[in-house]
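Note sheet for the following structure.
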Amino acid sequence: MVTQNQRSTALITGAGRGIGRAIAERLADDGFDIIVADVPEAKDNVNSVIDAVQQRGRDAVGVFGDVSNPDDVARFVAEGTTALGDLHVFVANAGIAQVDPILDVEPAALDRMLDVNIKGVFYCYQAAARQFIAQKSSGKIIGAASIVAYRPFPLLASYSATKWAVRGLTQAAAMEFAKHKITVNAYAPGVVGTAMWDLIDERLTTLEGTPRGSALERQVDGILAGRVSVPEDVAKLVSFLSGPDSDHMTGQTVLIDGGINFA
């Protein structure tokens, strides 16, 4: 946790809603000022997150762009640090999902999945490390993986592949950045009650001809904790990864799924 006398800043992509918003609010509670990054279409959501952070007594600024564009990611960092000071934590949270049989995945849809979920995380790791090195400071880079980074789901092949890639990228980046005193870890949520999982449920039930909500309900049977996760569950793990208690931890992708997978 950051003390009130310290000014520490965290940048979170995809922070306008869902897990990203929960992370922003939790890190604000921990004492971080927050750079809230999202696509331009999420401006109203971003402004709502900024208000929530400020209500917690921390500063916040919104930055807008597409994580699949490296210039936008570099600008997130430049604009955010100009407004709030040196960067300490970068959370590469932004991602998209796609539910389709492999045989039906169109090239354009696959390209977009790879652009956001792999290239976007790569550019975030790259921009964060460059900023920490320029500051001559240590730093923490945290990426969004998923339980499918350990066990893929059918009809989520492209999404699963990207999250496996995030896991590998996290390990490689940890190896390269260690000499700069930068740690790199990832969080792997399970079934989280967010808009993304609503879309997954809608698509799965359409493909299967089952009632809306049934795909999500089926997942509960495989969760030892007996419930679907909420964004705050994930934010608690990111809080740990962002703080000093995780200083001796790097290259790890940590499951936070209520007991679905074991690694």
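I want to check the label-to-label distance for Leu103 and Gln126. Put each point 7 Å from Cα in the C-beta direction and report it in nm to one decimal.
3.7
Just how far, in whole angstrom, is region 141-191 from region 78-134 if you go by their alpha carbon centroids?
12
Among DSSP beta bridges whose residues both lie in the chain, state the antiparallel percentage, nearest 5. Walk me through the numbers before you get to the answer.
Working: 0 of 30 bridges.
Restricted to the chain, the bridges split so that about 0 percent are antiparallel.
All other residues with a Cβ under 12 Å from the Cβ of Ala129 taken together, and with Lys, Arg as +1 and Asp, Glu as -1, what is their net charge? Present the calculation step by step, with values, prior to reporting the outcome.
Values: positive: Arg130, Lys140, Lys179, Lys181; negative: Glu176.
Here the charged neighbours net out to +3.
Check cross-link reach from Lys119 to the aspartates and glutamates: straight Cα distance under 20 Å, and skip same-chain residues fewer than eight apart.
Output for Lys119: Asp38, Asp66, Asp71, Asp72, Glu106, Asp111, Glu176.
Just want to confirm a number: the relative contact order over the chain, from Cα pairs under 8 angstrom separated by 6+ residues, in percent.
On the way: 540 pairs, mean separation 48.8, N = 263.
Here the relative contact order equals 19 percent.
At 0.36 nm per residue, minus the direct Cα-Cα distance, what do His180 and Gln54 gain on full extension? Give it in nm, one decimal, please.
On the way: separation 126, 0.36 × 126 = 45.36 nm, distance 3.19 nm.
So the extension gain works out to 42.2 nm.
What is the magnitude of the charge dipole of region 1-130 about its Cα centre, with +1 placed on the Cβ of each Lys and Arg, -1 on the Cβ of each Asp and Glu, and no other charges, expressed in debye to the nearest 20? List each step's numbers first, then the result.
On the way: 11 positive and 19 negative charges, 90 e Å.
Dipole about the Cα centre, nearest 20: 440 debye.
In what sequence, highest mean first, do 179-189, 224-234 appear when ranked by Cβ atoms within 10 angstrom?
On the way: 179-189: 20.9, 224-234: 15.8.
Ranked from most to least packed, the peptides come out as 179-189, 224-234.
At R0 = 30 Å, how high is the FRET efficiency between Gln171 and Ala83 if r is their beta carbon distance? Nearest 0.05 is fine.
0.40
Going 7 Å from the Cα of Met249 along its beta-carbon direction, which residues of region 125-168 have the amide nitrogen within less than 17 Å of the resulting point?
It comes to 139-147, 167, nothing else.
I need the peptides 34-40, 71-77 ranked by packing, meaning the mean over residues of other C-beta atoms within 10 angstrom, with the highest value on top. Mind dumping the intermediate values first?
Details: 34-40: 25.0, 71-77: 20.1.
Ranking the peptides 34-40, 71-77 by packing returns 34-40, 71-77.
Using the number of other C-beta atoms within 10 angstrom as an exposure proxy, rank Lys140, Lys43 with the fewest first.
Working: Lys140 25, Lys43 13.
So the residues, fewest neighbours to most, are Lys43, Lys140.
Sort 248-258, 11-21, 111-121 by the packing proxy (mean of other Cβ within 10 Å over each peptide's residues), most packed first. Mind dumping the intermediate values first?
On the way: 248-258: 18.1, 11-21: 26.7, 111-121: 20.3.
Highest-to-lowest ranking by the protection proxy: 11-21, 111-121, 248-258.
Once you've got the Cα coordinates, tell me which of Lys136/Lys163; Lys43/Lys163; Lys136/Lys236; Lys140/Lys236 are over 20 Å apart.
Values: Lys136/Lys163 30 Å; Lys43/Lys163 27 Å; Lys136/Lys236 28 Å; Lys140/Lys236 16 Å.
Cα-Cα > 20 Å for Lys136/Lys163; Lys43/Lys163; Lys136/Lys236; rest within.
Every number in this text was worked out from the coordinates using simple rules, so none of it is lab data. The structure displayed is predicted, hence computed values, not measured ones. Note: ideal-geometry Cβ built from the backbone for every residue, glycine included; neighbour counts use all protein chains shown.
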